[in-house]
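K.L.:
Below you will find the structure I want to go over with you.
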Amino acid sequence: MKFAKPLIITLVLSAIAGSALADSVLSVHAPYVRLMPPGIKTTGSFMLIKNDGDDDRRLVRADSPAARIVELHTHLNENGVMKMRAVPHIEVKSHSQTELKPGSFHVMLIDLTAPLNEGDKVPITLEFDDGSTIELAAPVKKPHAAMPMPHR
């Protein structure tokens, strides 16, 4: 069999990758990017990050080819006015979860490189304080009536 060695190597590498994923203590659930009206070049990405490990983790960086600038953000109430602000990290406590949601923590995609359409998959890489990364393909979704629109 001419392809036996490449097939065996592929299976071994797949098993190793699968094992590494199974051992991972951080996981991301239900990621999405908010669909914005045409011409708006800023949007947010939201998700649930779970930490099944014994150590607290911090999301310290996000990156995406879909935007020229990607920042971690939160909303703050400053004298009765809600404002978005960049944050250096987002805590994900051990044996807990952190929800990135409208009106709270989120990943800001600023100066989009191309218009986003409903159903598109936006690649996003999350980097944590231990050096681990998680790569996502977050679908673009229409905002629900309860989702506040982003402002700067």
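The values are calculated or read from the model by the stated rules, or taken from the named source; none is laboratory data. Treat the numbers as computed from the prediction; the structure is a model and nothing was measured. Positions of Cβ are backbone-derived with ideal geometry, glycine not excepted, and every protein chain shown enters the neighbour counts.
K.L.:
Is it the case, given these coordinates, that N77 is without any contact (Cβ under 8 Å) to a residue 24 or more places away in the chain and out of contact with any helix residue (DSSP H, G or I) (no Cβ under 6 Å at 6 or more places or on another chain)?
P.N.:
Answer is yes for this residue.
K.L.:
Moving on. Consider only pairs whose beta carbons are under 6 Å apart and that are at least six residues apart or on different chains; among these, list those whose first residue lies in the stretch 84-106 and is on the phi < 0 side of the Ramachandran plot and whose second residue is part of a strand (DSSP E or B) and surrounded by fewer than 13 Cβ atoms within 10 Å (Cβ to Cβ).
P.N.:
Correct list of pairs: R85/L76.
K.L.:
Any residue in the stretch 16-26 that is surrounded by fewer than 17 Cβ atoms within 10 Å (Cβ to Cβ), among the hydroxyl-bearing types (S, T, Y) and at pLDDT below 95?
P.N.:
yes
K.L.:
Criterion first (touching a Pro at 6+ places or on another chain (Cβ under 8 Å) and either at pLDDT below 95 or assigned to a loop (DSSP other than H, G, I, E, B) (or both)) does M84 satisfy it?
P.N.:
The answer is yes for M84.
K.L.:
Got a number for residues in the stretch 93-103 being part of a strand (DSSP E or B) and more than 25 Å from P143 (Cα to Cα)?
P.N.:
Of the residues in that region, 1 qualify.
K.L.:
Taking into account only those residues within the stretch 75-93 that are over 14 Å from the mean Cα position of the chain (by Cα) and within 19 Å of S132 (Cβ to Cβ), which is surrounded by the most Cβ atoms within 10 Å (Cβ to Cβ)?
P.N.:
Across the stretch 75-93, the extreme among qualifying residues is K93.
K.L.:
Something else now. Specify the residue that is farthest from the chain's Cα centre (by Cα); the eligible residues are those in the stretch 54-74 that are part of a strand (DSSP E or B) and without any contact (Cβ under 8 Å) to a residue 40 or more places away in the chain.
P.N.:
The extreme case among them is T74.
K.L.:
Then there's this: When you look at V107, is it under 14 Å from the mean Cα position of the chain (by Cα), of a type outside the set (G, A, S) and under 16 Å from T43 (Cβ atoms), yes or no?
P.N.:
yes
K.L.:
Being among the polar types (S, T, N, Q) and either over 17 Å from E71 (Cβ atoms) or surrounded by 13 or more Cβ atoms within 10 Å (Cβ to Cβ) (or both) is the filter here; which residues of the stretch 106-132 pass it?
P.N.:
Those that are among the polar types (S, T, N, Q) and either over 17 Å from E71 (Cβ atoms) or surrounded by 13 or more Cβ atoms within 10 Å (Cβ to Cβ) (or both): N117, T125, S132.
K.L.:
Of all residues in the stretch 104-132 being part of a loop (DSSP other than H, G, I, E, B) and aliphatic (A, V, I, L, M), which is farthest from M36 (Cα to Cα)?
P.N.:
A114
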